[in-house]
Each structure stands twice: as structure tokens, then as C-alpha cells.
1. Hey, any hits in the stretch 305-314 for a residue that's within 15 Å of ligand 1 (Cβ to nearest atom) and touching a Lys or Arg at 6+ places or on another chain (Cβ under 6 Å)?
2. Determine, yes or no, whether GLU42 is closer than 30 Å to LEU371 by Cα and touching a strand residue (DSSP E or B) at 6+ places or on another chain (Cβ under 9 Å).
3. For the structure I just gave you, tell me whether GLU119 is in contact (Cβ under 8 Å) with a residue 40 or more places away in the chain, of a type outside the set (A, V, I, L, M) and out of contact with any helix residue (DSSP H, G or I) (no Cβ under 8 Å at 6 or more places or on another chain).
4. Where in the stretch 233-303 are the helices (runs of 4 or more DSSP H), entirely inside, with at least 3 residues that are touching a residue at least 12 places away in the same chain (Cβ under 8 Å) and acidic (Asp, Glu)?
5. Is one or more of the residues making up the stretch 151-169 assigned to a helix (DSSP H, G or I), within 16 Å of ligand 2 (Cβ to nearest atom) and hydroxyl-bearing (Ser, Thr, Tyr)?
6. Quick one: count up the residues across the stretch 72-87 that are acidic (Asp, Glu) and open to solvent by less than 30 Å² (accessible area, probe 1.4 Å).
7. What residue, of LYS248, LYS336, LYS265, is of a type in the set (Lys, Arg) and either buried (at least 18 other Cβ atoms within 10 Å of the Cβ) or touching a helix residue (DSSP H, G or I) at 6+ places or on another chain (Cβ under 9 Å) (or both)?
Amino acid sequence: MKVLVVGGGGREHAIIKKLKENKTIEQIFALPGNGGIAADAECVNVAATDIDKIVDFAIQSQIDYAVVAPDDPLVLGCVDALNAKGIACFGPNKAAAIIEGSKVFSKNLMKKYGIPTAEYEVFDDADKALKYLETAPIPTVIKADGLALGKGVIIAMTRQEAKNAVVSIMQDKQFGKSGDNIVIEEFLTGPEVSVLSFTDGNVVVPMISSMDHKRAGDNDTGLNTGGMGTVAPNPYYTKDIAEECMQKIFLPTIRAMKAEGRTFKGCLYFGLMLTPKGPKVIEYNCRFGDPETQVVLPLLESDLLTVMQAVTNETLADTEVKFSDKNACCVIMASKGYPSSYEKGYEITIPTELLDSTYVAGATLKDGKLLTSGGRVLGVTSIANTLKEAITVSYKKVENINFENRYFRNDIGSKALKAGEEN
Ligand code: AMP
Ligand code: GLY
């Protein structure tokens, strides 16, 4: 069997490493992959958004199964295009990927089906949005409708900041057409939980919960990033809360998508906030989260390909999806200066014994050397019986992975550790 994984970050590396445990897979291609992924898959030099070339490659290489991991190709209809040529895929079609591709769509879906989320207003006109902001409760949250590389959400602590956000998104077109429409929503508070789930459109199977660390600096300071580290499980996500989320959020969401003629098949990611008024949806993603995947998949005990194919074939109800009861911690090593400007091209040295637990996000191979090529360079994951141990081991590993100008947060998991002790 030949498998194609579309994408080229740490998430894709984690997917590929897990898939490799299945011995019926003869070959895995990563498109485009990266210099680190090249150790585990054959990399194909095509952009993950070039749908025509992806389809051509899949046909020529006789791909049996494709996993489309990033948001942009999913929203562009990569799965539809591959399916049209008879290639089975893991990932939602274009009609379903809109749940991440349009925040206006997802907010309206939640309102229509009574799924708990922040109160909101939608605007297609900057003047009306600015007028609304004169009396809106502050802090408030401004969201560009479309994909914006994870930067389309602005938490405005003052009225002026909110107005500036509207001007830069709607008038200056900071995110291009993604900002033609915006959502202005209620500012919520509470611990955040990421729940990735497998769904075939009929049943939904949540994976182990996790906690992301989005800010660049220790103690959640500094700019928002793609994620500086993760732990799983998330101690705030108790059994009772999980059951409440299943009944009030997960099942209603997949039923709503089906009722809308947009059956969702793939990994549906629920970004939740546990507010004083109960769990609410902050965002949906139509894909595995990054770096959540780097802690969630290492804890998956079932065969990933089998579960993915059950999603494709709509037989998830009959398929076992089992997670270990251990803890995992992933620390992201980035280039100093990320998410703003940073230098690239530094040689990375990873001791051989750490390769298995390293997920490479931004590196290229040059003359046999692995060089940094991105803001987030790699993630280092450890699994242990306790969260404390997983954190300690990950930071020990980090000390042994070197490149010039490396940067990482020193407190990944410490909030979870504290919460776990209090619970
Ligand atoms: P996103 O880029 O969509 O992942 O959102 C970034 C972060 O913004 C989330 O992880 C939350 O921390 C925060 N956020 C989004 N919406 C809200 C909200 N309504 N209230 C408070 N924080 C929010
Ligand atoms: N870690 C959040 C995301 O993948 O969007």
C-alpha cells in the first residue's frame, strides 16, 4: 500500500511516524514534507496548495490512500479532487471544511443548532462594525472570516484596539479577502482545552484531550504563535466535562453538519473554553491541530491507518480507538525571534536516540546537513506515567538538541501540572 500525506510540518511528521507502525504500508510520500520528515518518508517537491499537481502526483505514483492534513488544501477542495480520481482520502471535503474556512459559517451553524459559543455579530461593512464598537462591551474579540495563518483573531482590550483591528482587517486588507467579513464576539474566560476527534459523519470519537501553549513567552506572555508546546491529557477536562461536551457540542455539531448536507469526515478539532457558564466552542478546525497532534498521536494505541480508513468507509462505530493512560509533553524548539523575524540556515544536531521522539516542523536538508528553515523548527515529545516526568524528560531532551539561536518556552506543562494537583 502506498500512502500520501499532504503537508510538511511537525503535525505531518507525527502522522507519518504513527502510520509507519502499520507494516502493510510499503511507502509513504510527504508533500512537500521537509528536511526532517525526509528520514521517514519520501518528500515530493510540490506545494500543499497546488491541488492539480497533488492529483497528478497521486495518479502517477498509484497512491492508494491520501491523508490531507493542513487547512488550506482541505478548504480548497483537495479531498474532492482526489476522490474524483478514485483516490480514497482522510479529511473532509470542501463543503465540510468550511467549518474552519469560514468563521461566519461556523458561528451561524452554532447559533442555528444551539451549540454553546460566544455571543457575536457579523459585519461585511467596516463603518457598521466601527459604529457597533462604540458601545460594544470591552474586551472584545475580532475575527477575520477566512483563513489567516492563525493570525486572524485579535483580542482587543480597549475600544481603540478593537477599532484598529477592524480597520486593518476590513479596510487595509491585512489578510486579503479573508477579511471581507468579520465576526465580533464576546470575550470569554476560562481554561482552554483542545479536543481532536475522529468522525465519519455518523459517530464522533474524541481523542485524548490536550492543552496548547499559544503565546511566545513564559507564563503566557508575548505574541500569539502557531503553538509553543502541548501536553495531554488536559487536567481541566474531567470525565463530567467530557460527557457534557459530547452531548452539548460534539454530537450536535456532527449532526448539524449532516443536516446541512455537509457531512464531516476526518479529524474535527474542537477548541473549547471552559467558562463559568459551561464549555463553549472557541473555534472549530477541520484537521489535526499542531502541535496537539505531537502529543495525541504518540498516545494512540490503535493502528492509525485502520482508524482513518474506518472514517473514510463510515465504519468508525465498529472500530476500536484506544488511547494509553499515560501523559505526554511536547516542547517546541523555535528560531529566536519567532513569530516575528528570525534567522534561518543554522545546522541542527539531534542525537540519534532522540530522533524517534522528534517531530520536525521547519528544516531543510543541504549537503546531508539538517538546517533550520522556519520559525518553529521541531517538537520534542516524551511519554511518561506522570505529567511531571513527561515534562522533565522532554526538557532533558531539549538540552541535547542544538542549533544556533534556538528558543523555547521553559514552562510548557506547568499550568497543567498545577491544575492537576488542585483537582
Ligand atoms: P485561534 O487563532 O482561532 O486559535 O484563536 C486564538 C486564541 O484566541 C484562542 O486560543 C483563544 O485563546 C483566544 N480567543 C478566541 N476567541 C476568544 C473569545 N471569544 N474569548 C476569549 N478568547 C478568545
Ligand atoms: N494548535 C492550534 C491549531 O492547530 O490551530
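1. no
2. Judged against the criteria, GLU42 is a match.
3. yes
4. none
5. no
6. Residues in the stretch 72-87 being acidic (Asp, Glu) and open to solvent by less than 30 Å² (accessible area, probe 1.4 Å): 0 in total.
7. The unique qualifying residue is LYS265.
Yes/no matrix, rows are residues, columns are (1) away from ligand 1 (no atom under 16 Å from the Cβ); (2) farther than 26 Å from LEU76 by Cα:
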{"site": "MET211", "(1), (2)": "no, yes"}
{"site": "LEU223", "(1), (2)": "no, yes"}
{"site": "GLY229", "(1), (2)": "no, yes"}
{"site": "ALA232", "(1), (2)": "yes, yes"}
{"site": "ALA256", "(1), (2)": "yes, no"}
{"site": "ARG262", "(1), (2)": "yes, no"}
{"site": "LEU268", "(1), (2)": "no, no"}
{"site": "GLY289", "(1), (2)": "no, no"}
{"site": "GLU292", "(1), (2)": "no, no"}
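The values are calculated or read from the model by the stated rules, or taken from the named source; none is laboratory data. This structure is a prediction, so every number in the text was calculated from the model and none was measured. Counting neighbours? That spans all protein chains shown, and the Cβs are built from the backbone with ideal geometry, glycine included. Side chains are part of the model used for accessible areas, which takes the heavy atoms of the whole protein and leaves out ligands, DNA and RNA. Shrake-Rupley method; radii C 1.70, N 1.55, O 1.52, S 1.80 Å.
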